[in-house]
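Readers should treat all values here as calculations from the given coordinates under stated rules, not as data from a laboratory. These figures come from a predicted structure and were not determined experimentally. Please note: Cβ atoms are built from the backbone with ideal geometry, for glycine as well, and neighbour counts cover all protein chains shown.
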Ligand code: HEC
Ligand code: HEC
Ligand code: HEC
């Protein structure tokens with residue numbers, strides 16, 4: 001555990017921040033080779049001949065120490081946060097109220113795919129309520145007409161997923177609950 005954290009490049013930048021309660025123990029993470037990430041001079045965005053290229057940190061140098069993912073930018077960001085690999089500041093101004101919400105909502109059920117579970121916690125660790133409510137999503141279960149076609153068009157969940165959060169190719173990360181698992185307790189609850 002300490003060996004992993006000891007080499008964390010971000011640790012120096014976050015020193016002094018209050019430790020976040022880790023919900024899961026930091027398991028030994030198999031480090032990925034830095035070569036898994038495209039180097040800046042080859043990413044098509046940075047000028048390979050520019051004088052700044054040698055000064056910038058390469059993505060692989062920073063990200064190789066974080067819990068690995070197989071898609072997107074190859075980091076499982078929620079785990080990186082929950083397990084204390086990164087400790088970003090929650091607010092810049094002391095008067096900002098930091099709001100967390102822990103409930104998990106089933107926002108789609110009984111389709112051809114497993115049901116979709118929306119975890120508020122994984123979102124409010126990074127975002128404020130106002131990033132989503134009330135303009136993007138009404139804070140009422142079932143009130144938003146969620147549709148996969150809209151999501152694939154970059155709306156609703158797709159505003160972030162595929163852009164700044166894990167990509168839409170990871171179907172099962174959203175469609176994570178077998179429909180059968182929902183039917184049994186629901187029937188038991190209805191008299
Ligand atoms: C970011 C979360 C997310 C990801 C990733 C995602 N979906 Fe969805 N999907 C949803 C939501 C939300 C709905 C919506 C609601 C509904 O239909 O009630 C939905 C609906 C659907 C539906 C229609 C409902 C059903 O179950 O038949 C299909 C089919 C579907 N998704 C397939 C996929 C496939 C295939 C992938 C991967 C290529 C995928 N989804 C990835 C969130 C996601
Ligand atoms: C990433 C976007 C996002 C953020 C951030 C977010 N929510 Fe939500 N919230 C949703 C979605 C999606 C739903 C489900 C809406 C639906 O079913 O159509 C929801 C539903 C709700 C509901 C209705 C739940 C129920 O059980 O009926 C409440 C209340 C709510 N949110 C409050 C909050 C509060 C308070 C915060 C901040 C602490 C917050 N939300 C942050 C996306 C978000
Ligand atoms: C405002 C941006 C935003 C919107 C809108 C949004 N998400 Fe997310 N979501 C994030 C971020 C940021 C993360 C954390 C980074 C990551 O996992 O890539 C995340 C994480 C998640 C996770 C947890 C992944 C894990 O590893 O535990 C799930 C599941 C998820 N989102 C589903 C949804 C669904 C379903 C919707 C639509 C109902 C949605 N999100 C809408 C930004 C958003």
- request: Only residues that are surrounded by 14 or more Cβ atoms within 10 Å (Cβ to Cβ) and touching a helix residue (DSSP H, G or I) at 6+ places or on another chain (Cβ under 8 Å): list them for the stretch 39-62, please.
  value: 39, 40, 46, 53, 58, 59, 60, 62
- prompt: For the stretch 171-182, what are the residues that are more than 16 Å from ligand 2 (Cβ to nearest atom) and crowded, with 16+ Cβ neighbours inside 10 Å?
  reply: 179
- request: Quickly run through the stretch 116-150 and pick out the residues that are under 26 Å from residue 80 (Cβ atoms) and more than 8 Å from ligand 3 (Cβ to nearest atom).
  value: 120, 121, 124, 128, 129, 130, 133
query: Limited to the stretch 129-151, what total is found for residues that are loosely packed, with under 15 Cβ neighbours inside 10 Å and within 8 Å of ligand 1 (Cβ to nearest atom)?
result: 1
Residues being in contact (Cβ under 8 Å) with a residue 24 or more places away in the chain, within 18 Å of the chain's Cα centre (by Cα) and more than 7 Å from ligand 2 (Cβ to nearest atom) - total across the stretch 107-133: 5
